[in-house]
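The next block holds one structure in the form of structure tokens; read it before the comments.
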Amino acid sequence: MSTTGPRLARRLAAPAAGWTATADVVVVGTGIAGLTAALELRTRVPRVLLVTKGELSSGSTVWAQGGIAAALDPEDSPAAHLADTLVAGGGVCDPTAVEVLVTEGPARVHELVSRGAHFDLAANGDIALTREGGHHADRIVHAGGDATGAEISRALVAQLEAVRDDPGIEVIENALVLDVLTTDGARGAPRACGVTLHVRGEGTRDGVGAALGRAVVLATGGVGQVFRSTTNPPQATGDGIAAALRAGAALGDLEFVQFHPTVLWLGGGAKGQLPLISEAVRGEGAVLLDTDGYRFMPAQHAMAELAPRDVVAHAIVRQMAATGAENVLLDARHLGADFLRRRFPTITERLATAGIDWTEEPVPVAPAQHYHSGGVVTDLHGRSSLDGLYAVGEVACTGVHGANRLASNSLLEGLVFAHRAAREITERVAAGDLVVGEPVDRAGRSALVAAAARSRVQSIASEGPGVIRDAEGLARATRRLAATRTDAHEASDVVAQPQAAEWETTSIHQVATVLTAAATERTESRGGHFRTDFPVRDPAWERRVVVSLDDDGVLSTR
């Protein structure tokens, strides 16, 4: 089945590029996926250009607390890891992609160690392993107790810093990617040939420019800022996924949004990036209580607090509704003060900043957007449906996560598929399959949404395709998003101009629009997609919802 939806612009309103940089490969993003891709490509192709929205060390990976999953224990196996991943994915994972993930994962983790990452060790000197929700074995590698992402980012950034003077690589910081550039499709299908970007502040270049390459690797992370509250950093505004959509690439599994069950509740007015309380805390034995002190998860799932995240998040929302409360409580006091401070120093510090001593009192928590299982549809080598455009990490839809990402599989996915994409690009460059292309302007109108509209768009996304969905709410969200002005650059009565806040808001609006369309299409409940009007999983929906724009910008959902 295929349906058509609203018309979206296929480019942002922006000044013409004032400068041009060239490379064999342009990598956008500096989380685990982008840094790994850049490091792998640096010695394999003549020139790599690495673009980051903030500083080199500002990727989303730094915020990952829990760890990285891999079958390293002799009593564990890739087959067991695969089984747990497929169960969490709710029947819509790509089993081949998952097999790649779990079989190549252990070697990739050991390579991280060789790159300088220091993981926590057990008494015998082996890498220490713990367990998180959805896993039936101890296979979570962690660092600094609850600072795994920060340690991985530190190690990879150090590798990049060591080769900054290498003429084969250039790093452009403080650069917001605007659009993926494409060639003329008159003589065959268009292909990606670079990006336009805007460099701000302390960047090495100024203003809007064009970075041209034989291939573009998007590693831009998630879409957390599309929602009112999220665990994602401020730069997670969906720039990469929106740019890929405008360029003509197919997106998939957009409706599967993971809301982390245990995010610190700071009051009904809290918005933006909120601190999460890692899955690993429940893995160590913390329990969930409602505001009457009742432990409700054992009655909801056989694995209780260690059930997959969507199960826990939905149970929390139902319990909040039953009690009339705005939060539930995470109780870890029985684990002991010394253990909590040693195992979770970062969480302990953040809670103390908020005035909470979790060694003495339960922690108020509620679900908030955390991870996006969907993204740019790719094959097993990171290739999108647009030739020359690759996607790795959270911005990609590899099929690994399905309807619900298994805890700590995200860092592993970024690592494994960044390696695969780098190898694929290297082989295609050597074979002459990836050539330098000449970008052309895409036909149709351009778009700009006023920065003032961001809060309203985020509220629409939170109330429509939020934790709990239904046809009425999704239809209302569709109407309100369609009514949002996208011609701010042409309107004399709107205060807006082409600049970072407006470009980000435009991407947020486009992502919210296509996410709502995908959630409307899937008339069932599965994983991170829960509809009260279709609360049961339907076997007929064990397939992917794909969205794309045609040449006229009309949204197609199939």
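The numbers here are math on the coordinates, done by the rules we state, and not lab data. If you're wondering where the values come from, they're calculated on a predicted model, not measured in any experiment. For neighbour counting, all protein chains shown are included, and Cβ atoms are generated from backbone atoms with ideal geometry for every residue, glycine included.
For residue 552 and residue 318, a Förster radius of 41 Å and the Cβ-Cβ distance give a FRET efficiency of 0.45, rounded to the nearest 0.05. Around the amide H of residue 127, modelled in the peptide plane, lie the amide H atoms of 122, all under 5 Å away and 5 or more residues distant in sequence or on another chain. Label separation (residue 436 vs residue 352): 5.5 nm, computed from points 7 Å beyond Cα along the C-beta direction. Centre-to-centre, using Cα atoms only, region 293-327 and region 359-419 are separated by 24 Å. Across region 112-126, coupling constants 3J(HN,Hα) worked out from phi with the 6.51/-1.76/1.60 Karplus curve, θ = phi - 60°, read 4, 4, 5, 7, x, 6, 10, 8, 5, 10, 7, 4, 7, x, 6 Hz, and Gly and Pro carry x.
For residue 12, the amide hydrogen comes within under 5 Å of the amide hydrogens of 447, counting only partners 5 or more places away or on other chains and with H modelled in the peptide plane. Stokes-Einstein D for region 30-130 at 4 °C, 1.567 mPa s, Kirkwood Rh over Cα pairs, in µm²/s? Diffusion coefficient, whole number: 82 µm²/s. Taking 0.36 nm per residue of separation and subtracting the Cα-Cα distance, full extension of the segment from residue 289 to residue 360 would add 24.0 nm.
A straight line joining the Cα centroids of region 435-482 and region 148-195 runs 25 Å. What the Cβ-Cβ distance of residue 55 and residue 126 gives, at R0 = 41 Å and to the nearest 0.05, is a FRET efficiency of 0.75. Computed 3J(HN,Hα) for region 317-329, one whole-Hz value per residue from the Karplus formula 6.51 cos²θ - 1.76 cosθ + 1.60 where θ = phi - 60°, is 4, 5, 5, 4, 5, 5, 9, x, 9, 9, 7, 10, 10, glycine and proline marked x.
Here is the list for region 313-391: GluC sites (Glu not before Pro) lying in DSSP coil, each with at most 14 other C-beta atoms within 10 angstrom of its C-beta, are 326, 360.
Spatial offset of region 201-265 relative to region 1-56 amounts to 11 Å, using the alpha carbon center of each. The helix-only estimate of mean residue ellipticity at 222 nm for the chain, built from DSSP H runs of length n ≥ 4 each weighted as -39500 (n - 2.57), is -9500 deg cm²/dmol after division by the residue total.
Of the chymotrypsin sites (Phe, Trp or Tyr not before Pro) found in region 286-389, those that fall in a DSSP loop while having at most 15 other beta-carbon atoms within 10 Å are 294.
Can you give the % of DSSP beta bridges in the chain that are antiparallel, to the nearest 5? Beta bridges within the chain, antiparallel portion: roughly 65 percent. Taking a ≥ b ≥ c as the square roots of the eigenvalues of the alpha-carbon gyration tensor, region 260-368 is classed oblate because a/c is 1.5 or more while a/b is no larger than b/c. Across all Cα pairs in the chain, the calculated P(r) in 10 Å bins from zero up to the longest distance comes to 4, 19, 31, 27, 15, 4, 0 percent per bin. The H on the amide N of residue 531, modeled in the peptide plane, is under 5 Å from the matching H of 469, 525, 526, each at least 5 residues off or on a different chain.
Phi-derived couplings, Karplus 6.51 cos²θ - 1.76 cosθ + 1.60 at θ = phi - 60°, listed residue by residue for region 93-98: 5, 8, x, 5, 5, 5 Hz, with x used for Gly and Pro. Taking a ≥ b ≥ c as the square roots of the Cα gyration tensor eigenvalues, region 377-450 comes out oblate, since a/c reaches at least 1.5 and a/b does not exceed b/c. Ordering 303, 297 from the fewest to the most neighbouring beta carbons within 10 Å gives 303, 297. With Cα atoms as the point set, the radius of gyration and Dmax of region 150-266 evaluate to 17.1, 56 Å. For the listed peptides 479-485, 256-262, 238-244, a ranking on the average number of other beta carbons within 10 Å per residue, highest first, reads 238-244, 256-262, 479-485. Taking one equal scatterer on every alpha-carbon of region 100-205, how large is log10 of I(q)/I(0) by Debye at q = 0.11, 0.15, 0.20 1/Å? Log-scaled intensity ratios, in q order: -0.62, -0.90, -1.07. Its relative contact order, with pairs defined as Cα atoms under 8 Å and 6+ residues apart, puts the chain at 23 percent. The mean sequence separation of alpha-carbon pairs under 8 Å and at least six residues apart, normalised by the residue count of region 260-368, gives a relative contact order of 37 percent.
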